[in-house]
Structures are given as structure tokens and as C-alpha cells.
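The values are calculated or read from the model by the stated rules, or taken from the named source; none is laboratory data. Being a predicted model, the structure only gives us computed values, none of them experimental. Here the Cβ positions follow ideal geometry from the backbone for every residue, glycine too, while neighbour counts run over all protein chains shown.
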Amino acid sequence: MRRPARWGLGAVGAGVVVVLGLDLAALGEIDPLRRTISEHGLTELGWLFGLGVTLLAVGSAAIGVSLARARLAGAVGTLALLAWSAGLLVAAYFPKHDWSVGPSLSGSIHRAGSLVAFLCLPLAALIIARPWRRGVRRPASLVAFGLGVCSLLYVAGLGVLVLLGAQDGLRWWQVVPLGLVERGLAAVEVAAVAALGFWAAGKKLSAEHAVAGAVESRPKNLA
């Protein structure tokens, strides 16, 4: 059960390296404070951006499968994590709006996929790693839960700022340094995925599952 999680962690790490490398290589052309990560998809290295995000999506899905097989993630949490992966794949293979040309169907699909991904990951982390579950808690699960809380607050805070900006006649991309905010949110959410992966890949996972199963199957009159 631990092997898919380890493969998943490797894929997530590789995807992060690819995207971070693109960011560093394009510092003179793409302003990381104002331009979103998806801007790389419009360049000649767009295929490499797609590869990096695909690795992240596939790795996240592998971690979700490992958690589900170990019964550390229920149906709702697993679906939320898989929705994050699906949203990433959509965002990777449908380029964002190229505003030098104008809005496009591809850009609208990209935006929808990104929104699904950024909203579903916090929910997945909170549901899967909630600390009041029965059984033995692990440090990695507590870290994942904390990062899930941070992600949710991040998204909620951004939503509040957008609403306040709208009252002053500002469009949502004018309210904050969009590139910086997106990269910050992406970093927190990817860290949450990694924490879930380390939890699933932990050496004592089997023992933890056995303890949790014993607790849940104990007759109520003996509890």
C-alpha cells in the first residue's frame, strides 16, 4: 500500500521541479508577481509546463489511491483529492486566455479547471486528515490538516478581497498581485498533498491501520 504513495511523492516532486525551473528560466520574460503560473502554457515551452502539471496531478492521484487502499481516506475525501488532480489536468491541457488575442473557450475551460483544483484540495486535506478521527494520529496527517486550514483561509481571504475590490470598481485581477498570490496558494496546497503522501508512505502505516481497525470494530459494550 505504501508503494503508490512513494511513487506519487516522486511524481509530485518532479512536477514541482519542472514548474519551478520554468519560473526561474523565465524570470526576465514573465513577472512572477503579476503573471500566473499558467502563463508558461502560452510559451514555446508550454509542453514542458503541461508535463510538470501532469506529473503533479498523477502523483496526487497515486497518493489518493494509497490513502484509500489503507482506509485512511473515505469516499468523499478521495473524490475531492481526485477532483484536484482532474482540475490540474484540465488546467494543463487547456491553455489560459491569451489576452493579446482575446478570450477563448480554452481559456474558460482552463479557468474552471483551476478553480476546481484550488477549491477541492483544501477540502480533501481537511476531510482526510481531520484529527478527530479514530485511530492513531501521525505528525504528517496533522501537518496536512493544518495546511488544509491555511489553504481554505487563503482562498476565503482572497474571495473577500475580490468582493471588496468589486465594490470599488476593480476587476479581480487588479485587487492583488495575482502571480504572487497564486504561487503562494499553490505552494501551500502542494505542501498539503506532500504531507498526505508522507502520511500514506509512513513505515508504520500498516500498524496504524490495524490499530484504527481494532478500535472501530471493538464491540460498543466493551468500549
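Is there a residue being closer than 19 Å to Leu178 by Cβ and not charged (D, E, K, R) anywhere in the stretch 47-69? The answer is yes; a qualifying residue exists.
On the given criteria, is Gly202 over 21 Å from Val53 (Cα atoms), crowded, with 17+ Cβ neighbours inside 10 Å and at pLDDT 50 or above? Full working, then the answer.
Working: over 21 Å from Val53 (Cα atoms): yes; crowded, with 17+ Cβ neighbours inside 10 Å: yes; at pLDDT 50 or above: yes.
Considered against the rule, which asks whether it is over 21 Å from Val53 (Cα atoms), crowded, with 17+ Cβ neighbours inside 10 Å and at pLDDT 50 or above, Gly202 comes out as yes.
Every residue, every condition in (1) in contact with a His (Cβ under 9 Å, 6 or more places away or on another chain); (2) over 23 Å from Gly13 (Cα atoms); (3) of a type in the set (Val, Ile, Thr), yes or no:
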{"position": "Leu48", "(1), (2), (3)": "yes, no, no"}
{"position": "Ala68", "(1), (2), (3)": "no, no, no"}
{"position": "Arg71", "(1), (2), (3)": "yes, yes, no"}
{"position": "Thr78", "(1), (2), (3)": "no, no, yes"}
{"position": "Asp98", "(1), (2), (3)": "no, yes, no"}
{"position": "Val101", "(1), (2), (3)": "no, yes, yes"}
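Within this structure, Gly148 passes the test of being modelled with pLDDT of 80 or more and touching an Asp or Glu at 6+ places or on another chain (Cβ under 9 Å). Across the stretch 76-113, the number of residues qualifying as assigned to a helix (DSSP H, G or I), farther than 19 Å from Val193 by Cβ and of a type outside the set (S, T, N, Q) comes to 7.
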